[in-house]
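Single-structure report; data block below.
Just so it is clear, none of the values below were taken in a lab; they were calculated from the coordinates. All of these numbers come straight from a predicted model, not from anything done at the bench. Virtual Cβ from ideal backbone geometry, glycine too; neighbours counted across all protein chains shown.
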Amino acid sequence: MTTANTDAMRPPFPAERGVDAYNTKLGMWVFLASEVMFFTALIGSYIILRFGAPGEWARPGVVLNVPVTAFNTFLLICSSVSMVKAYASIADGDQRMLKIWFLVTIICGAAFVGVQGFEYYHLIHRGFLPSGVREGSELAELVAKGTLSEASLGLYGSTFYTMTGFHGFHVTCGVISMIYLYFTKVLPGKYTQQNHGGVEVVGLYWHFVDLVWIILFTIVYLI
C-alpha cells in the first residue's frame, strides 16, 4: 500500500478535527449574522408600517389567539433548554442522555410547528388572511360594525404571515436537520466527548431561532 493511500485512510488527528470544528462553527456564525440582518429588516418593516400607517391597528388580542401562542412559546423555550441539556450530556460523554434530550428537542420543535399550523388554520377560519379580511367571516362582521379597520388589517395580515411564516420555515428546517442528525449520528453513537461539533452547531442555530421567536412574540402578540 502506498503512502498516499495510507494517508487517505488514516483518521484525522485531534488537531485536524479541531480545525474542522472551528470552521464549521465559524460558518454557522456567519450564516446567523446574515439571518440577523434578514429578521431585522422584517421586524423593522413591521414596526414602521404599524406605527406609521394611518389609523390604529387592531389589538393583538382581538385578532390573534395569544394564549395558544404563549403556550407555543413555552414549548420553544423548553426545546432550547433540552438542547442545552443534550450538549452538556455529550460534553460529559453521556450517550444515553444525549439521545433523550436531543429527542425531546425534536419533539418540542415539531410540536411548535404543529401548533403554529393550528393557529394559522384558526386565523384563516376567522377570516384573517395575508391579503386582508375574508368576506362573510367573523372579522368581516367586526369590520362592518366599525370595530376593526379593514385597511389596517390588510397590512397587519401581510406582515404577520410574512414574519411568523419565515420563522416557522426556519424552525421546520431546524427540526429536519435535527432528525437527520439523530438517526445518522446520535443514535449510532458517533458523537463522543471529544468530537461533538454537530450538536454544538445545530444548537447555535436552534438557540438563535428561539431568541428570534421571543422577540417576535413580544412585538407582535404582546405590544
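With a cut-off of 14 Å between beta carbons, the residues surrounding Cys78 carry a summed charge of 0, where Lys and Arg count +1 and Asp and Glu -1. Mind checking the angle between helix 66-91 and the chain's longest principal axis? C-alpha axes, 0 to 90 degrees, to the nearest 10. Compared with the principal axis, the helix lies near 10 degrees. For Thr172 and Leu187, the difference between the fully extended length at 0.36 nm per residue and the C-alpha to C-alpha distance is 3.3 nm. Sorted ascending by nearby beta carbons within 10 Å, beginning with the fewest, Arg126, Arg96, Arg134 become Arg96, Arg134, Arg126.
Pairs of Lys residues in the stretch 14-222, spaced 8 or more positions apart or belonging to different chains, with C-alpha separations under 30 angstrom: 9 in total.
How much length is gained if the chain between Met37 and His125 is pulled fully straight, taking 0.36 nm per residue apart and subtracting their Cα-Cα distance, in nm to one decimal? Fully extending the segment from Met37 to His125 adds 28.4 nm.
In this structure, the amide hydrogen of Leu129, modeled 1.01 Å from its nitrogen in the peptide plane, lies closer than 5 angstrom to those of Arg134, counting only residues at least 5 positions away or on a different chain. Amide H contacts under 5 Å for Lys190: none, restricted to partners 5 or more places along the chain or on a different chain, H placed in the peptide plane at 1.01 Å from N. Backbone amide hydrogens, once placed in the peptide plane, bring Asn65 within less than 5 Å of nothing, excluding anything fewer than 5 places away on its chain. Taking Cα atoms only, the orientation of helix 14-52 departs from the longest principal axis of the chain by about 10 degrees. A simple rule links phi to the HN-Hα coupling: the Karplus curve 6.51 cos²θ - 1.76 cosθ + 1.60 with θ = phi - 60°, which for the stretch 108-117 gives 5, x, 5, 5, 4, 4, x, 5, 5, x Hz, with x for Gly and Pro.
The longest part of the chain holding none of the exposed loop GluC sites (Glu not before Pro), meaning those outside H, G, I, E and B in DSSP with at most 13 other Cβ atoms within 10 Å, is 136-223. Exposure proxy ranking for Ser137, Ser149, based on other Cβ atoms within 10 angstrom of each Cβ and starting from the fewest, stands as Ser137, Ser149.
When Phe160, Phe51, Phe102 are sorted by how many other C-beta atoms sit within 10 angstrom of their C-beta, beginning with the fewest, the order is Phe51, Phe160, Phe102.
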